[in-house]
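Right, one structure below, let's go through it.
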Amino acid sequence: MKKLFNKFKSDFRGLFPTILFCLKISFKSSKKYFLISNFISLVSIFVPFLNIYLFSRLIQALSTAFLNVNNGNGNSMEELNSFLMLVLFLFGVSLLSKVLDNVQQYVNGMHREVMQNYSNVVIMEKCAGLDVAFFDSSTFYNEMGDATRNSIYIVNTSFSIIDLIRSLIQLLVALVYLSSFNLLLALLLAVSVIPHLIYQKKQLFALYNIQRDNMELSRRIAYTSNVAQSRQYINEVKLYNLFPFIFEKYSRLWNNLFRKKQKASFKYTGLLVITSILPGIVNSVIIYNLGAGVFRGGYTVGDFSYYNGVAEKVMASMFSFIYAYGQISDNKNRIQNFVKFLDWRNQMKYEGTVLPDPARFVLEFRNVSFRYDEALPFVLKNVSFVIESPDKTALVGVNGSGKSTVIKLLLRFYDPTEGIILLNGIDIRDYVIEDYRKLFSTMFQDYSKYAYTVAESVVLSDYELQGDGVWIASALERSGAAGFVSKFKCGVNTHLTRQFDKEGVELSGGEWQKMALARTFFHEPEMFILDEPSASLDAESEDELFRKFEELYADKGAILVSHRLSNITAVNKILVLDNGELVESGTHRELVRKNGKYAHLFNLQAEKYEVRA
């Protein structure tokens, strides 16, 4: 018994950090709801005992009245009035209980909503503050997905903690009352529930371990389901009649996970059924002893009702305590993993204090090498170059040569593994990162498609200017998007996609790219970065974009990444990357005369156009 108690004490001590964390989230999300809910819970602790006492007095009054009638004695009006008062008091307690239950249901419902939102915001804020490198890791997505799923358990556990405390107090009070009848039976009734507690905890822990060990499988299930439902895939799903294939894949994955859970759950179900009977057996013994006491004249019928009600409250409190304890214990690991996710620390440092000088922009890569992980090969090797504004620079190279990595390092999504990147002679890590990144406006090759209005989609690059309709119109004009936007019924207030608005507009690939360009042009940086800015444009739009090149960028610098080398012949400098190394640098004419890597790529493209012509 002592060993069992020590184990319980040790387990409960292990739960304490989880309890404190959940109560902290509960309090921070809404102090008002937290205080009201707990006040109601405190009052509600004693309402059942008052109800049990009044009902037992009511039963005793009826028993006395029945005996008086059978003995030929009438009942006085005073006794009848006392009975009426008991009925009114019982009604008042019942009314109070209903009022408290309904008010608490409302408060708890609102508090759940607020807590869930607070937990989601915490996750979003954490993701917003993490290095981009995390988003290239499958482990990160497993942990983030686990934290997102587990946020609901923080909410549930917070209320389970209150239920646990309330049940514990009610249990102790009920045991004190019941011990006045029979201390041994009172303790035996409490102890009889412990085996059920033990096996319930083992079952919940086994189920959680299965969920935790199969996070990758859970993500595959969610992804496969999304393929069948997402606008992103619907065209090919319809065209190739993929639903049977997707459904078969989904069913196979889901059944695999379900069988594991089913096996673990079934293992303990029989034991839980058996152990749940034990408290009923002890309670039956208590009822018999109470009844025997009534037969012997030691107790009244009212006493029987009272102690029986208290015994039932002991069992109800114990099972409520077990359930709440089981929920907290089951959720402990989930919440600990949520906390671990919040404890993820960036590898990059964001302690810079220097503000950029808007009058100068000289960017230098000095002997920069980089790899995404220590176990992976270098994707950039000893790269050095200088880029200045308002010069126009192009990055050229085949796929995998390192162009995108240069952009990521330049924007401080990653820090170099070796070497240093300087802006105006100062390590870019010394700058305030938000102010440093404001120097750039970038259109990525995998640009985002936002299901917002046209105006909202444009202003994201500098949302502090979102009310500037003139500048929105200018950005649309410069990107070439003004032509099709002007035809929309609601103009810049038109929703893109019909995901949230049935009158929304679905754009073509080229139109989406022009929207991304408009977003890039809306922000006024020192340096534009355009990664394949014409990849989805038709020939006419592409020609218009590059003919207006000088006008679009005016006195601003620009870095262009393009596979169509005919579009970059007029830039000030071309940097040629090959297998992570800078192999050539110069103007178009200089590199053609050099007859090296750039000339080879340029001539390949020129030959194709000549053949087509």
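A few remarks follow.
- Of all the listed residues (Leu204, Leu253, Leu185), the sole one being more than 31 Å from the chain's Cα centre (by Cα) and either in contact (Cβ under 8 Å) with a residue 24 or more places away in the chain or assigned to a helix (DSSP H, G or I) (or both) is Leu185.
- Cross-chain or 6+ apart pairs with Cβ under 7 Å, the stretch 320-334 first and farther than 16 Å from Leu171 by Cβ, then not in a helix (DSSP H, G or I): none
- Pairs meeting the criteria (first residue in the stretch 14-40 and without any contact (Cβ under 8 Å) to a residue 40 or more places away in the chain and more than 23 Å from Lys332 (Cα to Cα), second residue open to solvent by 20 Å² or more (accessible area, probe 1.4 Å) and in a helix (DSSP H, G or I), beta carbons under 9 Å, at least 6 apart or on different chains) are Leu35/Phe27.
- Answer from Leu187, Leu171 - the residue that is modelled with pLDDT of 85 or more and either open to solvent by less than 30 Å² (accessible area, probe 1.4 Å) or over 30 Å from Phe27 (Cα atoms) (or both): Leu171
- Residue in the stretch 501-521 that is most open to solvent (accessible area, probe 1.4 Å), counting only those that are in a helix (DSSP H, G or I) and not hydrophobic (A, V, I, L, M, F, W, C): Glu511
- Residue list for the stretch 290-314, filter: open to solvent by less than 10 Å² (accessible area, probe 1.4 Å), in contact with a helix residue (DSSP H, G or I) (Cβ under 7 Å, 6 or more places away or on another chain) and over 19 Å from Asn51 (Cα atoms): Leu290
- Considering only residues in the stretch 315-347 that are within 23 Å of the chain's Cα centre (by Cα) and more than 19 Å from Thr18 (Cα to Cα), the one that is least open to solvent (accessible area, probe 1.4 Å) turns out to be Asn346.
- Leu560 over 19 Å from Ser457 (Cα atoms) and either in a strand (DSSP E or B) or modelled with pLDDT of 70 or more (or both): yes
- Members of the stretch 246-265 that are surrounded by 14 or more Cβ atoms within 10 Å (Cβ to Cβ) and not small (Gly, Ala, Ser): Ile246, Lys249, Tyr250, Leu253, Trp254, Leu257, Lys260, Lys261
- Residue that is farthest from the chain's Cα centre (by Cα) [pool: residues in the stretch 470-486 that are more than 14 Å from Phe521 (Cα to Cα) and either aromatic (Phe, Trp, Tyr) or open to solvent by less than 60 Å² (accessible area, probe 1.4 Å) (or both)]: Gly483
- Considering the stretch 117-143, and only residues there that are within 23 Å of Ser26 (Cβ to Cβ) and in contact (Cβ under 8 Å) with a residue 12 or more places away in the chain, the residue that is most open to solvent (accessible area, probe 1.4 Å) turns out to be Asn117.
- Subset of the stretch 491-500 that is assigned to a loop (DSSP other than H, G, I, E, B) and open to solvent by less than 70 Å² (accessible area, probe 1.4 Å) - its residue that is nearest to Thr453 (Cα to Cα): Thr494
- Pairs, first within 13 Å of Asn572 (Cα to Cα) in the stretch 378-399, second surrounded by fewer than 17 Cβ atoms within 10 Å (Cβ to Cβ) and hydrophobic (A, V, I, L, M, F, W, C), C-beta under 7 Å, six or more apart: Val386/Val362; Glu388/Val362
- Near pairs, Cβ below 7 angstrom, 6+ apart or cross-chain, from the stretch 440-460 (open to solvent by less than 20 Å² (accessible area, probe 1.4 Å)) to any residue that is of a type in the set (D, E, K, R): Met443/Asp531; Ser457/Arg519; Val458/Arg519
- Tally, over the stretch 320-343, of residues that are among the hydrophobic types (A, V, I, L, M, F, W, C) and more than 27 Å from Glu125 (Cβ to Cβ): 3
- Cβ separations smaller than 7 Å between residues 6+ apart or across chains give the following pairs from the stretch 89-114 residues that are more than 12 Å from Ser44 (Cα to Cα) and in contact (Cβ under 8 Å) with a residue 60 or more places away in the chain to residues that are open to solvent by 50 Å² or more (accessible area, probe 1.4 Å) and not charged (D, E, K, R): Val107/Ile36.
The values are calculated or read from the model by the stated rules, or taken from the named source; none is laboratory data. All values derive from a computational prediction rather than experimental measurement. Counting neighbours? That spans all protein chains shown, and the Cβs are built from the backbone with ideal geometry, glycine included. Side chains are part of the model used for accessible areas, which takes the heavy atoms of the whole protein and leaves out ligands, DNA and RNA. Shrake-Rupley method; radii C 1.70, N 1.55, O 1.52, S 1.80 Å.
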